[in-house]
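Have a look at the structure below before the remarks.
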Amino acid sequence: MAQKILAGRCADPLLSGDLVEVKVDQIVLARAPGRAFAEGLSAGLKKTTAEVAIVYDGACVTDAQHMGEMTVEMVAAGIAVGRPGVGYPAPVHLERYAAPARLCVTDEPRLAGTGGVGMLTLVMAPGQLGQALATGSVWLRPPRSIQVLLTGKMRPFVCARDVALELIRRGIGEAVRKVEEQHQAPVVLEFAGPSARLLSVQERSVLCGLAPQLGAAAAVFVGDERTEVFLRDQRRSKAHRTLAPDAGAPCAEVMNVDLAAVDPLLLDEAGQVRAVRDLAGKPVTQVVLGGDGGVTLRDLFAAAALLKSKRVPAGLDFLVPVPSRQTLEVLASSGALADLIATGARIVEPDARVVTGELYPPRLDGVSLRTHEPEPRAASPFVVASAETLAWAVASGEVGDPRSFKRPVRVTVPRTLPTDDVLVVRGKAQDTGKKGPPPATAGTPWRGAQTLELVDAAEGLALNGKAVAVVCTTLDEVRELAVRAADVASTVRAVLAPFIPSGLVAVFSGLGIAAIQYDPATAKGITKGTLALPAPAQWGERSSTAIAHGGARIPMRWLALGAERTWAGAGTARPAQKPR
């Protein structure tokens, strides 16, 4: 399905070559919108031609005007601005803009959940996003697919979050890594099978939201009658397109999942998937029901019904960051919000820092249960579980199997939804008298040989102005560095890891950072000392190069291909000439 979406937007429908140029339908900025917008201005942006271009300002709890000085220029360039309070980018975009069989590029990995509606969403470097804003197209590696076939029907008290955790437990992350290393191409998870039609679009979104955590570039569901109903309820029925895999279409791997065999699960603080009963009886001191993924409107209704007439135990904080403004209005009009408040819930703003743990960090005197995926290398880890598992924790004050409620609730989700985007700025914005960002400058280019000081990512980035190479040992460390890459690109010149997903290779390359793979078995003790990297021209493509470290020479591979190497040499993904 991913290949079908890209082929229809590419001059080369066979998607041959290391990189191909494809037309972009939607552009979403959330992490560092100013940088991407500045890149677009430097690339000649006047007015974007994308079907949808939008910026989400996720800082609600602040006295600073983060987006005020850029809003006027962005709106003039055809970019809508979601103001603070509109909700988290992923659920809001799923409801109001995402559409099947479209290509979306973004700087927000958590937007992978929009694949639930059948949209292919890929993370790009700021330079690529600027090019998309200015020209309407980007260069990217053609992906490979892993197909996940769903069968059976979920039992009572089992939610989409439990199915997502079951996929992790069954090793889908290892399958992604295997395909990546075999083909040196991004991996897209494609969900299909007879039971896909049983899942709502929001439940599909929960499964697609797993992609970044697994190292996959994206995830996408079929676009079928359930998708059409969802879009009709959002008053966007004209956006529907049917999307399904072709019969006999090749894929790199196939995984079968029986939904009827899934039990209530949780992801513990160490990142291991376990049955809920394994932690049964542990005291819970914090519950965060909501956030940007992992919970559906149906889940919130179910939690409210299960907790009706219950009271929050002493010593437990019950926080509800409602995913979107639309969801908040539906909960309020139905009475479910009043039930949650009567239980003792605190309704908090949908600030991005709730998800990262900067606001309302997990308490140290008990278990913190949440429905959303953790940020990579979260400083204060928490336990991830389904909404119904969280409901039992609120009712009892401890971790337990939600099937202990014994009688499941019957939930009817309203079909009439509010669609007034009152907090989205379009058209003409009020002039604040402030200027937008200055034109972007290229990052530090990599053109010659360099000797870099090695820094262990596990010990944190204590950067002192010297050029460094960051050594990562886990995928979470690589993902955490990718999030910060735009801020540290002037100092971090290379990232070394046993596995770097192809999508992140492009992000690093677009900022002038070399993404280098090493074999842990032959590179023991590599976190100390210095590393002498030869000039880019001396590295072979798809082959290892012996690199001097101390008195030894260690085989390493620069993972950038084709134009990605040009980006690293220029310090930006704005190509000076057309890539091959």
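Coordinate-derived values only; no laboratory data. Nothing here was measured: the structure is a model prediction, and the numbers come from that model. Note that we place each Cβ from the backbone using ideal geometry, even for glycine, and neighbour counts take in every protein chain shown.
Give me the net charge for the shell around Gly294: Cβ to Cβ below 15 angstrom, other residues only, Lys and Arg +1, Asp and Glu -1.
On the way: positive: Arg110, Arg161, Arg204, Arg298, Arg370; negative: Asp162, Glu166, Glu203, Asp292, Asp299, Glu373, Glu375, Glu388.
Its environment carries a net charge of -3.
If one puts a single equal scatterer on every Cα of the chain and applies the Debye formula without solvent, what log₁₀ I(q)/I(0) results at q = 0.05, 0.08, 0.09 Å⁻¹?
-0.20, -0.52, -0.67
Using the Karplus curve 6.51 cos²θ - 1.76 cosθ + 1.60 with θ = phi - 60°, what ³J(HN,Hα) values do you get for each residue of segment 262-275, in whole Hz, with x for Gly and Pro?
These are the phi-based 3J(HN,Hα) values: 8, 9, x, 10, 8, 9, 6, 4, 8, x, 9, 7, 9, 5 Hz.
Among DSSP bridges having both ends in the chain, what percentage is antiparallel? Round to the nearest 5.
Values: 28 of 82 bridges.
Once the DSSP bridges in the chain are tallied, antiparallel ones form about 35 percent.
State whether segment 267-402 is rounded, prolate or oblate according to the following rule on the C-alpha gyration tensor (a ≥ b ≥ c being the square roots of its eigenvalues): a/c under 1.5 gives rounded; otherwise a/b larger than b/c gives prolate, and the remaining case gives oblate. Present the calculation step by step, with values, prior to reporting the outcome.
On the way: a/c = 1.65, a/b = 1.23, b/c = 1.34.
Oblate.
What size of dipole, in debye to the nearest 20, comes out for the chain about its Cα centre when the only charges are +1 on Lys and Arg C-beta atoms and -1 on Asp and Glu C-beta atoms? Walk me through the numbers on the way to the answer.
On the way: 64 positive and 58 negative charges, 146 e Å.
In total the dipole reaches around 700 debye.
Using Cβ contacts closer than 10 Å as the measure, can you line up Arg241, Arg410, Arg31 from fewest to most?
Numbers: Arg241 15, Arg410 8, Arg31 21.
If I rank by nearby Cβ atoms, fewest first, I get Arg410, Arg241, Arg31.
In degrees from 0 to 90, rounded to the nearest 10, what is the angle of the helix 387-396 Cα long axis to the longest principal axis of the chain?
Compared with the principal axis, the helix lies near 50 degrees.
Amide H to amide H, which residues 5 or more places from Ala573 or on other chains are under 5 Å from it, using H placed in the peptide plane?
Gly127, Gln128
Taking other Cβ within 10 Å of each residue's Cβ, how do Arg363, Arg565 sort, fewest first? Walk me through the numbers on the way to the answer.
Working: Arg363 16, Arg565 21.
With the fewest neighbours first, Arg363, Arg565 line up as Arg363, Arg565.
From the backbone phi of segment 411-418, what are the Karplus-calculated ³J(HN,Hα) couplings (6.51 cos²θ - 1.76 cosθ + 1.60, θ = phi - 60°) in whole Hz, Gly and Pro given as x?
10, 10, 7, x, 8, 8, 10, x
Most exposed first by the Cβ proxy, i.e. fewest other Cβ within 10 Å, how do Lys282, Lys524 rank?
Values: Lys282 14, Lys524 9.
If I rank by nearby Cβ atoms, fewest first, I get Lys524, Lys282.
Using only Cα atoms and rounding to the nearest 10 degrees, what angle (0 to 90) does helix 160-169 make with the longest principal axis of the chain?
With both axes taken from Cα atoms, the answer is about 50 degrees.
Using a/c under 1.5 as the rounded threshold, could you call segment 450-570 rounded, prolate or oblate? The axes a ≥ b ≥ c are square roots of the C-alpha gyration tensor eigenvalues, and prolate needs a/b larger than b/c, oblate otherwise. Provide the component values of the computation, followed by the final result.
On the way: a/c = 1.30, a/b = 1.02, b/c = 1.27.
Rounded is the answer for segment 450-570, as its axis ratio a/c remains below 1.5.
Which angle between 0 and 90 degrees, to the nearest 10, do you get for helix 33-42 versus the longest principal axis of the chain when only C-alpha atoms count?
Roughly 40 degrees between the two axes.
Which whole-Hz couplings ³J(HN,Hα) result when phi for each residue of segment 70-76 is put into the Karplus expression 6.51 cos²θ - 1.76 cosθ + 1.60, θ = phi - 60°, listed in order with x for Gly and Pro?
Residue by residue, segment 70-76 yields 9, 4, 4, 5, 5, 5, 5 Hz.
Based on the alpha carbon coordinates of segment 109-156, what radius of gyration and maximum Cα-Cα distance (Dmax) apply, in Å?
Taking only Cα atoms of segment 109-156, I get Rg and Dmax of 15.6, 49 Å.
222 nm [θ] for the chain, helices only, -39500 (n - 2.57) per DSSP H run of 4+, per residue, to 500?
Details: 18 runs with 159 residues, N = 580.
Estimated from H runs of four or more residues: -7500 deg cm²/dmol.
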